Amino acid sequence: MTWTAAAAGGTPYPSLSLIDQTALPHTLERLDVTTVDQLIDAIVRLVVRGAPAIGAAGGYGVALAMAQAEREGWGRDRLDAEIARVRAARPTAVNLMVCVDRVAARVDEGITAVLAEADAVVREDLEANHAMGAHGADWLLKRVGPGTDRPLRVLTHCNTGALATAGWGTALGVIRELHARGRIEAVYADETRPLLQGARLTAWELVQEGIPHYVQADGAAAGTILRGEVDAAIVGADRIAANGDTANKVGTVAVALACAHAGIPFMVAAPTTTVDLATATGDAIHIELRGEDEVLEWAGVRTAPAASRGHNPAFDVTPGSLVTALVTERGVLEVGAGELPGDRLK
Ligand SMILES: CSC[C@H]1O[C@H](OP(=O)(O)O)[C@H](O)[C@@H]1O
């Protein structure tokens, strides 16, 4: 995502340019937003998505609100209310709240300071992803096939790559690092119903990088794991509670349960901006319920009978006891073995 000041970009107003992830993998398009409403719509429609990416977009959203406030003559109360709307655009990924709060704290210093803080959020996330990739790869290579140089077969769920972050990725960042070290045999990418972030976005990123992979139905994941066809599962997170319970894309907890039964590592990779020590357990995490039509139709074509209702939680919570390894930019915690996020991660 890139910020363009009105003078520089030719747009009549300062704008935030976003890759439109709803158009991938077939077309690479950008959406330029200039208002708070347009940014919120882009977050809700998953034009921009992924916990760190919506956190970064939220940070720039503070600058967008300030520019709109100047154009439209808002007072400070209206500006604060509009920033709060950005903060609340999606409820589960704590990165959105953390990053908006961090950047909004500099509003009184003016838009240049706000943009500098939003840029810092992006820079730090990219640095965190590379650090996470190295920590995660180091841990996995010690744990799986120790003493051998055999490549790994890994499973991942949803999209946790450059599209979902400031770049490189979280779980997909670990996979990129393993590939760079010549240690990936194949990636099994869950398609990730209902919006297909895996089939559309993770597969697109893996193709860009030449990383061998298979797209599979979400329902195939447990069988793939129990048949011993993968060595580990690596997923992202949207909010990690103080006890290690982890909210992530719906379907993740099934992967964790299968890994536990098969005795293979279930790794969560997330920056410390995703750890929410103020939330004690996963029971307190607000799980976003999305529109019924996302599960009742595809590409605007109804797939279920007209009389059917849809149940569409966007996330589920994996108990910390099932998390073999939590990887952040600060290192690896073996949550399932009793190590907890706590202050060590802040
Ligand atoms: C790198 S965090 C990505 C995280 O966000 C995704 O959710 P969504 O596509 O709805 O934004 C999914 O839970 C991923 O693990």
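What are the pairs, 6+ residues apart or on separate chains, where a residue within the stretch 158-180 that is more than 23 Å from PHE315 (Cβ to Cβ) has its Cβ under 9 Å from a residue that is near the ligand (Cβ under 7 Å from one of its atoms)? Close Cβ pairs (under 9 Å, with a partner that is near the ligand (Cβ under 7 Å from one of its atoms)) amount to ARG176/GLY169. When you check ASP108 against the structure, is it within 16 Å of the ligand (Cβ to nearest atom) and open to solvent by 10 Å² or more (accessible area, probe 1.4 Å), yes or no? So ASP108 does not fit the description; no.
Give ALA232, ALA284 a once-over and let me know the one that is more than 17 Å from ASP190 (Cα to Cα), small (Gly, Ala, Ser) and more than 14 Å from the ligand (Cβ to nearest atom). So that I can check it myself, show each step before the final result.
Values: ALA232 fails: more than 17 Å from ASP190 (Cα to Cα).
None of the others qualify; the one that does is ALA284.
Quick check on my filter: what residues within the stretch 120-154 are more than 22 Å from HIS213 (Cβ to Cβ) and touching a strand residue (DSSP E or B) at 6+ places or on another chain (Cβ under 6 Å)? The answer is HIS135, and nothing else. Taken together, THR192, THR165, THR170, THR202 contain a single residue that is in contact with a Leu (Cβ under 7 Å, 6 or more places away or on another chain) and either more than 10 Å from the ligand (Cβ to nearest atom) or among the polar types (S, T, N, Q) (or both), which is THR202.
When you look at LEU296, is it over 28 Å from TRP139 (Cα atoms) and touching a His at 6+ places or on another chain (Cβ under 9 Å), yes or no? Walk me through how you get there before you give the answer.
On the way: over 28 Å from TRP139 (Cα atoms): yes; touching a His at 6+ places or on another chain (Cβ under 9 Å): no.
No; evaluated as a whole, the condition is false for this residue.
Entry remark, the stretch 257-303: residues being among the acidic types (Asp, Glu) and closer than 17 Å to VAL317 by Cα number 3 in total. Is it fair to say ALA186 is within 16 Å of the ligand (Cβ to nearest atom) and either farther than 21 Å from ALA256 by Cβ or not polar (S, T, N, Q) (or both)? Considered against the rule, which asks whether it is within 16 Å of the ligand (Cβ to nearest atom) and either farther than 21 Å from ALA256 by Cβ or not polar (S, T, N, Q) (or both), ALA186 comes out as no.
The values are calculated or read from the model by the stated rules, or taken from the named source; none is laboratory data. Quantities reported herein were computed from a predicted structural model and do not represent experimental measurements. Cβ coordinates were reconstructed from backbone atoms using ideal geometry, including for glycine residues, and neighbour counts include every protein chain displayed. For the accessible areas, the whole protein counts, side chains as well, though only heavy atoms, and no ligand, DNA or RNA atoms are used. Shrake-Rupley method; radii C 1.70, N 1.55, O 1.52, S 1.80 Å.
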